Amino acid sequence: MPETTDKELSVPEPDPALLGARTGIAPITCTYDLPPGHYDVTVVVRGGTEVLAEARRLMAPASPDEGWHRRTFTVNVRTPEAQQNGWDGPGTPGLTLTFAGAAPEVRAIGLAAARPVALFLAGDSTVTDQAHAPYTGWGQRLPRHFRHGLSVVNHSGSSESSASFLAQPELWATMEPQVRPGDVTLVQFGHNDKQATAAAYRDNLSRIARGIAARGATPVLVTPIVRRRFAGSALHPTGLIVNELGVDLPAEMRAVAAAEGVALIDLTDDSRRLVEGLGPEAAEELYLTREKQDDTHTSEHGATVFADLVAAGLRRLGLVAGRYWTS
């Protein structure tokens, strides 16, 4: 990913007049009538205030310091606002900013159109921008790792597999033309490839990776997060994303990355070590086990933890310039 000049990283100055769009107290919501695109946003918030954008995307976590803090980040505005397969409907038009916490405070907001580099996400329900709590994809918690100048574009959707992503026009055919030289795309499929043969799964991943590379961007294959399915103290094969045909999907993705010369984040292995280290009971906090008896989809806490693993893997690859990372 190429470096960006200081001029390109100039930030919008916060304007108290923009607070006229605010509604509510806890949370505070501001909605702006803006067309689809990328926007740099500067906010001045009191410590303890968490800043989210659009469909529950975490842009800036709350600070323990009670003073005032200035934060600038880049937001992708689109329709549908959340899941790109329309699973949650169109959402709210324009840009929505939410200031959450026990007693959130915002003093000023600045907005400006942006032309950033993009970090695209292509995946399933464990990645997507989930509109409704408690469901949360790790892609929703990833933006907090980045400064302005880089925009996270989550093009994922619930129930999608590597095959359906390629087949549905609103997914691959819509995302591909948006990808520009210098962008990076993270690709995680497997949870819904339950009946995929090894050959079909590998072919689908290869097609996606080659298509991204043909656009001058960098594909990164991400093996899927594990399910909380234990056999004793270790995860069962279904927890390790071995499908109904006995295909070890993470192993096949690793093989595709090696064959295509594509970067890989082994999130299956990273999440396996984490989940097995916690054990069956403590690992419940990462998933919706207690709320929904669901050992696949993640809680807000779990999505945050898994997003941290993805961010760490992406840092190790060195594909995103250092200036785009938050400290």
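Given a cut-off of under 8 Å on Cα pairs at least six residues apart, what relative contact order in percent is computed for the stretch 151-295? It would help to have the intermediate numbers written out before the result.
Details: 198 pairs, mean separation 32.4, N = 145.
Once normalised by length, the contact order is 22 percent.
Once you've got the GNM for the chain with C-alpha springs shorter than 10 Å, pick whichever of Gly48, Gly123, Gly232 has the biggest mean-square fluctuation.
Gly232
Place a +1 charge on the Cβ of each Lys and Arg in the chain and a -1 charge on the Cβ of each Asp and Glu, then give the dipole magnitude about the Cα centre in debye, rounded to the nearest 20. Intermediate values should be presented prior to the final figure.
Values: 30 positive and 38 negative charges, 101 e Å.
Charge dipole of the chain: 480 debye, to the nearest 20.
Determine the calculated [θ] at 222 nm for the chain from helices alone, applying -39500 (n - 2.57) to every DSSP H run no shorter than 4 residues and normalising by the residue count; nearest 500 deg cm²/dmol. Before the final figure, lay out the partial values.
On the way: 8 runs with 81 residues, N = 327.
Calculated from helices alone, the mean residue ellipticity at 222 nm is -7500 deg cm²/dmol.
Volume per residue, Å³, of the convex hull around the alpha-carbon atoms of the stretch 194-315? Show your work: numbers first, answer last.
Working: hull volume 13.6 nm³, N = 122.
About 111 Å³ per residue, rounded to a whole number.
Calculate the translational D of the stretch 166-255 in whole µm² s⁻¹ from Stokes-Einstein, where the hydrodynamic radius comes from the Kirkwood formula applied to all Cα pairs, the temperature is 4 °C and the viscosity 1.567 mPa s. Don't skip to the answer; put the middle values down first.
Numbers: Rh = 14.1 Å.
Value of D from the Cα-based Kirkwood radius: 92 µm²/s.
Just to be sure I understand the model, the point goes 7 Å from the Cα along the line to the Cβ. What's the resulting Arg290 to Ala103 distance in nm?
My value for the distance between the label points is 2.7 nm.
Can you give me the relative contact order of the chain as a percent, contacts being Cα pairs under 8 Å and 6 or more apart? Before the final figure, lay out each step's value.
Numbers: 754 pairs, mean separation 54.4, N = 327.
So the answer I get is 17 percent.
Between Thr92 and Ala173, take the C-beta separation as r, use R0 = 25 Å, and let me know the FRET efficiency to the nearest 0.05.
Working: r = 25 Å, r/R0 = 1.00.
The formula returns an efficiency of 0.50 here.
May I ask what percent, to the nearest 5, of DSSP beta bridges between residues of the chain are antiparallel?
Expressed as a percentage, antiparallel bridges in the chain total about 70.
Just how large is the dipole of the stretch 11-69 about the Cα centre, in debye to the nearest 20, putting +1 at every Lys and Arg Cβ and -1 at every Asp and Glu Cβ? Provide the component values of the computation, followed by the final result.
Numbers: 4 positive and 8 negative charges, 43 e Å.
With only Lys, Arg, Asp and Glu charged at Cβ, the dipole is about 200 debye.
At 20 °C and 1.002 mPa s, what whole-number value in µm²/s does Stokes-Einstein give for the translational diffusion of the stretch 247-325, with Rh from the Kirkwood sum over Cα pairs? Walk me through the numbers before you get to the answer.
Working: Rh = 14.2 Å.
Answer, rounded: 151 µm²/s.
Full extension from Ala213 to Ala321: what is 0.36 nm times the residue separation minus their Cα-Cα distance, to one decimal in nm? Spell out each step's value before the answer.
Numbers: separation 108, 0.36 × 108 = 38.88 nm, distance 1.85 nm.
Result: 37.0 nm gained on full extension.
Find the centroid of the Cα atoms in the stretch 190-204 and in the stretch 224-277, then give the distance between the two in whole Å.
Each part reduced to its Cα centre gives a spacing of 13 Å.
Give me the percent of Cα-Cα pairs in the stretch 76-136 that sit more than 16 Å apart, rounded to a whole number.
Numbers: 1107 of 1830 pairs.
Across the stretch 76-136, Cα pairs with separations above 16 Å total 60 percent.
Could you work out how much longer the chain between His132 and Thr197 gets when fully extended? Use 0.36 nm per residue separation minus the Cα distance between them, nm to one decimal. Mind dumping the intermediate values first?
Numbers: separation 65, 0.36 × 65 = 23.40 nm, distance 3.28 nm.
That pair, His132 and Thr197, stretches by 20.1 nm at full extension.
For a quick check: with amide H placed at 1.01 Å from N, whose amide H comes under 5 Å from Ala60's, ignoring anything fewer than 5 positions away on the same chain?
The answer is Val51.
Just the number, please: Stokes-Einstein D of the stretch 12-113 in µm²/s, Kirkwood Rh from C-alpha pairs, 4 °C, 1.567 mPa s. Before the final figure, lay out each step's value.
Working: Rh = 13.6 Å.
Translational diffusion coefficient: 95 µm²/s.
For every other residue with a beta carbon closer than 15 angstrom to the beta carbon of Pro237, add +1 if it is Lys or Arg and -1 if Asp or Glu, then tell me the sum.
Cβ neighbours under 15 Å give a net charge of -2.
Residue farthest toward the positive end of the dipole of the chain, with Cβ of Lys/Arg at +1 and Asp/Glu at -1: which of Phe146, Ser158, Ala231?
So the residue we want is Phe146.
Over 24 Å, how big is the tail of the calculated P(r) for the chain, in percent of all Cα pairs? It would help to have the intermediate numbers written out before the result.
Working: 28154 of 53301 pairs.
Looking at the chain, the distances longer than 24 Å represent 53 percent of pairs.
Rounded to whole Hz and in sequence order, give me ³J(HN,Hα) for the stretch 65-75 from the Karplus expression 6.51 cos²θ - 1.76 cosθ + 1.60, θ = phi - 60°, writing x for Gly and Pro.
6, 7, x, 7, 10, 9, 10, 10, 8, 10, 10
Over the alpha carbons of the stretch 56-195, what is the largest minus smallest coordinate on each principal axis, giving the biggest first in Å?
Extents along the principal axes, in whole Å: 53, 34, 25.
Among the trypsin sites (Lys or Arg not before Pro) in the stretch 165-263, which ones are in a DSSP loop with at most 14 other Cβ atoms within 10 Å of the Cβ? Mind listing them? If you can, show how the numbers build up before the last one.
On the way: sites: Lys194, Arg202, Arg207, Arg210, Arg215, Arg227, Arg228, Arg229, Arg254; in loops: Lys194, Arg215, Arg227, Arg228, Arg229.
Loop-located and lightly packed - Lys194.
Does anything in the stretch 158-195 have its amide N under 20 Å from the 7 Å Cα→Cβ label point of Leu245, and if so which residues?
Correct set: 159-168, 188-195.
Name the residues whose placed amide hydrogens come within less than 5 Å of the amide hydrogen of Val152, ignoring near sequence neighbours (fewer than 5 apart) on the same chain.
Excluding prolines and chain starts, which carry no amide H, the hits are Asn76, Leu119.
Readers should treat all values here as calculations from the given coordinates under stated rules, not as data from a laboratory. Keep in mind it's a predicted model, so treat the numbers as computed, not measured. FYI the Cβ positions are ideal-geometry reconstructions off the backbone, even for glycines, and counts take in every protein chain you see.
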